[in-house]
Amino acid sequence: RKEVNIKISHDVSSSKDTRRLVQDIEKTLEAHFSSQSFNTTITSKNYLNLKASDTIVNSQAYSLIFMIIIIVIILSFYFKSLKVGLISLVPNLFPILGLFGIMGLFQIPLNVGTCIVASIIIGVAADDTIHLFSRFYKEISQGRSTVQASLITIDHEIVPIATTSFSLAFSFLVFILAKFVPLTEFGLLSSYVLILALISDLYIGPIVLTLANKNK
């Protein structure tokens, strides 16, 4: 058995360019060695990082999809309405969009720390959504109009929701003292998304509820 190591020098650093380079190498290997008794293996630090990043991205997507389905199911059963379960996604997804938006703007990569922010925060946001929606439909059941129900809901729920959100946000900020960069990014992003979730629940939530129940 004979082995040959072929080293390729390059200046590629981004995942996108690395993936393109790997694809070109795989095509070259297939074109020249596919019909012969050669076994080829691609390996390097960049290649392993690429595989790791693909794993992180895929796990992020799967975990978000799973969380969204669970939230819809739980809220649908809780309020006995699939419609309510679906509209509850609007205030819950807004902070997630804000998360990926700020990560893209400042080129913050998905890593061990940042990949779990969305899954954790969407669970926290769902808790506030349940309180908000429960109060709204309680007021509706007492004969209030949608506008009155929204105003009363905000008036009664703003203090507990804001208190828990700010408490958690400041708690996550402790991680910025860590020397491990992914942990620092996790703390900053978690605090940021918690504030977005608070804004979403107090502003977008009542608007969505009012529009979805405008005939009541």
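Miscellaneous remarks
- When residues of the stretch 197-207 are limited to those that are crowded, with 19+ Cβ neighbours inside 10 Å and over 16 Å from the mean Cα position of the chain (by Cα), the one farthest from I121 (Cα to Cα): P206
- Taking the stretch 174-185 as the range and being within 18 Å of I122 (Cα to Cα) and free of Cβ contacts under 8 Å to residues at least 24 places away in the same chain as the test, no residue passes.
- Residue match in the stretch 45-64 (condition: closer than 21 Å to L198 by Cβ and not hydroxyl-bearing (S, T, Y)): yes
- Tally of residues being open to solvent by 40 Å² or more (accessible area, probe 1.4 Å) and touching a residue at least 12 places away in the same chain (Cβ under 8 Å) across the stretch 104-123: 6
- Every pair of residues 6+ apart whose Cβ atoms lie under 6 Å, when the first sits in the stretch 48-66 and is closer than 20 Å to T18 by Cα and open to solvent by less than 70 Å² (accessible area, probe 1.4 Å) while the second is part of a helix (DSSP H, G or I) and of a type in the set (V, I, T): L50/T18
- Hits in the stretch 74-84 (condition: open to solvent by less than 70 Å² (accessible area, probe 1.4 Å) and either free of Cβ contacts under 8 Å to residues at least 12 places away in the same chain or farther than 19 Å from I121 by Cβ (or both)): S76, F79, S81, V84
- Filtered residues of the stretch 153-196 (kept if open to solvent by less than 30 Å² (accessible area, probe 1.4 Å) and either assigned to a loop (DSSP other than H, G, I, E, B) or under 30 Å from E139 (Cβ atoms) (or both)): T153, E157, I161, A162, S165, A169, V193, L194, L196
The values are calculated or read from the model by the stated rules, or taken from the named source; none is laboratory data. Note that the coordinates shown come from a computational prediction; the quantities given were computed from them, not determined experimentally. Positions of Cβ are backbone-derived with ideal geometry, glycine not excepted, and every protein chain shown enters the neighbour counts. Ligands, DNA and RNA are stripped out before the accessible areas are found, and what is left, the full protein with its side chains, is counted by its heavy atoms. Shrake-Rupley method; radii C 1.70, N 1.55, O 1.52, S 1.80 Å.
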